[in-house]
Every structure is written in structure tokens, then in C-alpha cells.
Amino acid sequence: MSRQAWWQGADGGRNDLVVVLTALPLEADAVRRRLRDVRRHVPESGTVFSVGELPGVLPGVTVALGVTGEGTREAAVITERAITEFRPGLVLLVGVAGALKESIGLGDVVVATRVHAYGGGKETAEAFKSRPRTWDAAHRLLSLTYDLDVEWPGAAPRVHHKPIASGDTLLASRRGTLAALLDERFEDAVAVEMEGAGVALGAHLSETNALVIRGISDRADEHKQVADAGGSQEAAAANAAAFAAALIGAYVSVRPPASPLAPGRLGAEVLAARLGGPVGSLCFGPRRTLLAAAADGPIRCWRLDDGEELPPIEAATWMPPRYGVRVAASPGGGPVVVRDGFRLRAVYPDRSVDLGSITYPGDLYFASTGSYALLSWATSFTLRSAATGADLLSFKAVAASISADESTLAAARGPVSGGRHVQIYHLRPGEPPAPRGRPIELHQVAGMALQIALSPDGAMLGCMTARWAGVFDVERGVPIMPRSGGGDVWSQIFPEAMSLVCTPRGRLLHMRKGHVLQLDLNSRDDAPFLPGGGGYRRLVMSPDGLLATGHASGWVRVHRWEE
């Protein structure tokens, strides 16, 4: 049985169900008061959930509310049960917590940017040595919490985006050993509670997004019982529930359309031609042309409107196949950028401009538009001006991509962290690349970002790893179509082997062991859709929906792509 994408329901449409968990009945009451048409749901596990609709947001948004009880172990078990039963797109832990900092007031709301599980450690004769675990909140969720329109039950509290500490001990004194441990080793935590680490673990094991939202009901000191008796828990729980309701509304508003995205398909063949050797380089060029080259050249060119072959671009020097000719260009205009041997040059209709030398002629990655050339060796990338040959940006990354309209550069930064942070840059001719907002963070269990690809207009970002695949909305930094299961081991070692393509409407095409496949959101097993079996070497798409393929047999073909 195929596993559906996390945003899909049983019928293949989007899943707007959100699980909200609380530890205490009074916290659950604060959430339940915001629901309508609440009904009781008891799965085979025996855990009781209240399922209802959340008014004021998109129709059909369902909330499954459950009570975990106190403690991290109980919270982890109930979290996994809830995810197994409902397969939600999001899990929220909502309730109360104690403040650890004087700057955090009673009634304030803390959105946990990080959850520290402080309980693990090793006891020696000299001292207790902590072995904590920490879970970072997903950027895609945090980004929605900074500008929410919340209908507060009373005066608007302050909202803090800070780490919290979580463990199985109820802290009711600032004079004991636990308070000292938190102050010494978890100094960034502004609140303490007893279930967040369990929910974070359960969501992590189930590959589900989760966030902890806490209202402050006391100061985790000797006056806790007095504060609770004064109604502080009810007020704090009501504030946390109000914030959670606003977040759910914002979350479902950026989800994909209600109908599932149908797969694209090949249309009519536009061009077919054969090179003298395996296709080593392939791109769409200015004035509706296609350029292709084998390792030893020449670079052949065809006009797409009528299939006429134009005069070739001769290679400047012969190099072994590994260091062979590479060509890149932009359908929007500008020069054809050629890398042959150690040199890089821009070829115009009437002249050729030297763009400088290349440190390593065996670059594993080479891409270009009319204004930019993107080069790499291993994890060292350079963005070079195709007009002057000047280096505009150098960075370490696992993979990078330029949009066809030259508006956007995406870089999967941080080789040590596996390229999980994709930085987006604005590109404007004549200006240095400018970072745009916070990096897009891939799923915590996604693995290394083997390959990324921007859509032609830079609005969508396709990502694929050996364990995960999906498309992100670049502007919001949120996933549109994620799915577990990605590329292959060969792609993990040689990123260009995947030849990932993000189509104008956000579908992902990729290569695996010479086969061209389309990402299937409902299955980990993508099916080849191009004829002729394996042997494909290159895959590229034009902004107007033409798909070009290059084969080991030397065949170059162009088809219309229908979405």
C-alpha cells in the first residue's frame, strides 16, 4: 500500500487535519471552547480524542484534540498514536509552563524555537554530567508565527520566540539542584514544562511537523501554588489556545490547492538529432535554440521553430572526457557560455569574450544564464559574471541552482550539516547577489540536499535527497509537495547525475540510473515515463514548457511538456 504525502488525505486531496495535544484537562478545555461540532473519537488504542471543526478558517479544517497526561514518556506515546490514527499535517502541544526568566511575564505566550530535554545524563563520583537532547522547531512553522492576527481572550500578552526546557520533574523551587542545572547548562531556556520533549520525539520519529506553544502560568518557584489558585493556569491556557488557533488558520491558508496535482506528460516531439558521442552537455539558448555537445565537441545548435541546424561552436581545445566541453545559456538572451578545458568564454554572434580560467577543469557542476555562470568543484561554488568574468559570489554548498529568468539563486549551504539550509539570493545585473530572508530549512530527517532546482520563474524550489523529495514555496519557505523517499546512492556521490528539473508548475522530474522519472507523491517508487529504457544523461526544461533530453547513444530529443 502506497504512503500518501503528509498533506494528503485518504482520497488524495489535501489533509487539513491538525492534532492538538495538551497535558492537563483545563488546557484541553481552553482549546475545546474554540471548536464546534465536537465529537468523541476512540481508536483501537483506546486513547480518547475530541474531533471538531475550527471556525473562522478555511472550510473543512479539522482539529483532533488529545490529552497526554503529565510527563515526556506519556506525551511521546500519545503523539505517536495520534499521528498513526490521523496522519496530520501538523502537531501542536498547547498548554501552560513556568517562567525561568524575569523578562517573561505571567500570561505571556512562548513559542518554543528549541526544546531541550534536560533529563539525560551520567552520574559519576565527581558530578552529574548532562547528556541532553534538543529538537529545533521547523522554520516553515516558525515563519508563520511572527505576524499572526490573534483574537486574544483579554488583553494581548507578549509573545516570545525562545527555547524551553522539558523533563519529568515539576519545578516548584529556584533553590534546588534542578534549577541550578537549568541555569548552568540550559541558560537560553526561558520556560520549563514536562511534555514538550516527548511530543518533539514522537513527531520526529513519525517525520511530522510539530510545535510547542506555552502560556506562562507561574514562575516555577515557591509561589507556584498561589499563582495556580489565583486562576493563572486558566488564563495562560486560554492565551496559548488563542495563539494556536491563529497559527492553524495561517498554516492551512498556505497549503496547496484542494485537488491533488495531476502528473504532467509528454506531448509532441519538436526535435530529434544525434551527436557523435554520448551527450555531455545540453541547454536551451537565446532566440529559441537548443545547444548540445559531446565531451570533445563541437557544440551543435538547432533552431526550435523549424528544426534547422545552425553553425556549430567549435571547442577551443581538446580535453579528456572528464574535462570535456560544457555549454550553458539562457533562453532569455545573452551569450552562450562555454567551458572547454581550463578556460571559460562567452560566445556572442559576432565575438568571443574570455571569462577567465577555471581552477579545476573537471567541474562536477556547471550552469549558466545570459548574465551568470555558476561553477563548482566538490563543495566550492563560484558565481561569475558572464559579461565581465568577475567573480560575484563564492560559497560552500552541497548544491545550487539559478532560475531561468535570472531572478533567483538558491544554495544548499553548510556541507557539514548536509545542505539542509537553502539560502535564497536576489539576482540583479550589475549588483552583488543579495540574500533574501531566512534560509529554507529542509525536513530534519531529510538527509543531505543532493540536488536542488528552481522553477523557471524562481517561485518554487525542488529538492531531492536519498531519503526525501519535495517542492517549496520560495517566498514563504513552506513545502508544497513533500514526500519521503528520494534519489539513489549514485546521486548522493555525484549531484549532477540526478539532473533534477522543477517544472513551471512545480512538478519534479529527475534521473535515476539513466531513467527519467516524475515524482509520485503517493508512492516512493517513481515510474520511468520516457521511452527507450535507461541511458539518459541530461535533462533540461525551458520556461515555455519544452523538455529536452540527452542520451548516452548521442540522441538529443525535445518534446512539449503538458501540465
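The values are calculated or read from the model by the stated rules, or taken from the named source; none is laboratory data. Quick caveat, the model's predicted, so the values are computed rather than measured. Reconstructed Cβ throughout: ideal geometry from the backbone, glycine too, with neighbour counts over all protein chains shown. The area values use the complete protein model at the heavy-atom level, side chains included, leaving out ligands, DNA and RNA. Shrake-Rupley method; radii C 1.70, N 1.55, O 1.52, S 1.80 Å.
Quick look at the numbers
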| item | result |
| --- | --- |
| Neighbours by Cβ (under 7 Å, 6+ apart or cross-chain): first from the range 214-238, free of Cβ contacts under 8 Å to residues at least 12 places away in the same chain; second open to solvent by 30 Å² or more (accessible area, probe 1.4 Å) and not in a loop (DSSP other than H, G, I, E, B) | none |
| Residue within the range 172-184 that is more than 26 Å from the chain's Cα centre (by Cα), over 29 Å from Arg33 (Cα atoms) and of a type in the set (S, T, N, Q) present | yes |
| Residue ID - modelled with the lowest pLDDT, chosen from residues in the range 218-238 that are hydrophobic (A, V, I, L, M, F, W, C) and open to solvent by less than 20 Å² (accessible area, probe 1.4 Å) | Ala220 |
| From Ala241, Ala272, residue being modelled with pLDDT of 85 or more, surrounded by fewer than 21 Cβ atoms within 10 Å (Cβ to Cβ) and outside any loop (DSSP other than H, G, I, E, B) | Ala272 |
| Check on Val63, surrounded by fewer than 19 Cβ atoms within 10 Å (Cβ to Cβ), in a strand (DSSP E or B) and at pLDDT 90 or above | no |
| Test: Leu291 is touching a Leu at 6+ places or on another chain (Cβ under 8 Å) and either hydroxyl-bearing (Ser, Thr, Tyr) or modelled with pLDDT under 90 (or both) | yes |
| Residue, least open to solvent (accessible area, probe 1.4 Å), within the range 124-135, restricted to residues that are in contact (Cβ under 8 Å) with a residue 12 or more places away in the chain and touching a Gly at 6+ places or on another chain (Cβ under 8 Å) | Ser130 |
| Candidates Leu26, Leu58, Leu54, filtered to the one that is open to solvent by 10 Å² or more (accessible area, probe 1.4 Å) and modelled with pLDDT of 95 or more | Leu26 |
| Residues (more than 21 Å from Ile424 (Cβ to Cβ), surrounded by 23 or more Cβ atoms within 10 Å (Cβ to Cβ) and modelled with pLDDT of 70 or more) located in the range 471-509 | Leu509 |
| In the range 341-382, residue farthest from Ala295 (Cα to Cα) [restricted to those that are modelled with pLDDT of 70 or more and among the acidic types (Asp, Glu)] | Asp350 |
| Listing of strands (runs of 3 or more DSSP E) fully contained in the range 116-219 that carry 3 or more residues being farther than 18 Å from Thr22 by Cβ | 121-123, 128-130, 133-136, 159-166 |
| Residue satisfying condition, being in contact (Cβ under 8 Å) with a residue 24 or more places away in the chain and over 27 Å from Glu234 (Cα atoms), within set Ala138, Ala197 | Ala138 |
